[in-house]
Amino acid sequence: MASLLAGWLNREQQKIFEYLQEENRVLKEQLGPRFRLSDDQRRRLAAKGKALGRRLLEEFATLVTPDTILRWHRELIAKKWTYPRGGTGRPPVSAEIEELVLRMAESNPRWGYRRIQGALANLGHRIAPNTVKRILKDHGIEPAPGRRRKTTWAQFLRSHWETLAGADFFTTEIWTPAGLVTFYVFFVIQLKTRRVHISTPTPNPDRVFMKQVALDLAAFDDSFLRSYSHLIIDGDAKYTREFRDILKENDVDVVPIPPKSPNCNPYYERFVRSVKEECLDRLILFGRSALERALREYRFHYLCERNHQGLGNQLLDPIPHDLDGPNVQCRERLGGLLRYYYRAAA
């Protein structure tokens, strides 16, 4: 009789375990795969899981793996035997001072430890020069002589960008009577002002096309690059020798960037992303004229109606209008794909 009762109890317990397991799986599905447990919940599971052992955990654990539960238990033991020790020596440098040291070192490549120490003293922070040295070393910043020899590409661009422009191509697909045709769009962007010049799109950017592009960019008094001395390009073979020579004759030197280094000219990379995400990727274009119209409308929007976060969220060439007008109007381009809100007089 006792053995029958024990067997019945075991079967009932097994049913309860199976139900609880399934209930946990349902709850886990509701929570999703990225649910997080609090420290207290981890401690409770670790304490209970260690008593069961790996074999039972593999059979019944559903929220986390047995290895995870046992790892939590080991961490609890390690914390138990880790006692806080009293600090010795000088107190740690505050986060504010550390941030100032890094900011000064990165903005002033010629400043040494003592120069930074003096600048901090001007702000009321008195620390030893060796402390400055340690902070820079911890963040992988070299001493002043080493920083002086290394100029980052971003620093170079900022130092010269009043005379720098960048050029590149991007492509888009156009529906024609012959099917989908790839058109190449050549553009130039002034790094400081972010103003762009977009050439006529073409399916074949050959030598003749590039020659005309170079003449348009630099050969006339009102050319886009007339006051610029350097044009940054990549290693594309479409930039022919004749293209470079025409620019050189008009005092514009071509500066090629290394292969696979888009960060050397991030401004035209950002323009390509903008024109595609905000305009071209949202249109189905039929024929060259549709592409030319879309580029013309987007360029006007980009210059006069689009706020640029990299330039203080300002407009490049704002159209004057009454800021105190009572009526808020919306100017739409490309069927409402591009919108600009402004105040109009009554």
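Values quoted throughout were computed directly from the atomic coordinates according to the rules given, and no laboratory measurement underlies them. Just so we're clear, the structure is a prediction, and the values are computed from it rather than from any experiment. In this analysis, Cβ positions are derived from the backbone assuming ideal geometry, glycine residues included, and neighbour counts consider all displayed protein chains.
When Tyr113, Tyr342 are sorted by how many other C-beta atoms sit within 10 angstrom of their C-beta, beginning with the fewest, the order is Tyr342, Tyr113.
Here the gap between His125 and Arg226, fully extended at 0.36 nm per residue and compared with their Cα-Cα distance, gives a gain of 31.5 nm. Placing unit charges on the Cβ atoms of the charged side chains and taking the dipole of the stretch 160-311 about its Cα centre, the candidate lying farthest along the positive direction among Ser289, Val213, Phe187 is Ser289. Residues Phe209, Phe220, ranked from the fewest to the most other C-beta atoms within 10 Å, line up as Phe220, Phe209. Amide H to amide H distances under 5 Å link Val254 with Leu231, where only residues 5 or more positions off or on other chains count and H is placed in the peptide plane. In order along the stretch 308-319, phi translates into HN-Hα couplings of 10, 5, x, 10, x, 6, 9, 7, 6, 10, x, 8 Hz, rounded to whole numbers, per the Karplus curve 6.51 cos²θ - 1.76 cosθ + 1.60 with θ = phi - 60° and x for Gly and Pro.
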